[in-house]
Amino acid sequence: MMNRTEVSKIRITDSAVWVELHDGRKAKEDFADYSRLASSSKEQRENYRLSYFGIHWPDLDEDLSFDGFFNKIEKIR
């Protein structure tokens, strides 16, 4: 299981959240794929907390696991 000790950077854009690992791998999740994130404000999206295994948005009660970012067939280099 991937955990936050492997994460070097989290970046929030207008349409997605990006995770970069210390080994250079990057992945993203589009907000459009998650109804709570898709309908949230910029301020709500930027108010996140890192848990040991993922990202939590307390205002939205939404969680995304780091494993979920990197267990997709198509990866971003």
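The values are calculated or read from the model by the stated rules, or taken from the named source; none is laboratory data. From a predicted model like this one, the values you see are computed outputs, not experimental measurements. So basically every Cβ, Gly included, is an ideal-geometry build from the backbone, and we count neighbours across all protein chains shown.
Which strands (runs of 3 or more DSSP E) sit wholly inside the chain and have at least 1 residues that are surrounded by fewer than 12 Cβ atoms within 10 Å (Cβ to Cβ) and modelled with pLDDT under 95?
none
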- Message: Looking only at the stretch 1-41, how many residues end up being within 11 Å of the chain's Cα centre (by Cα) and charged (D, E, K, R)?
- Response: 7
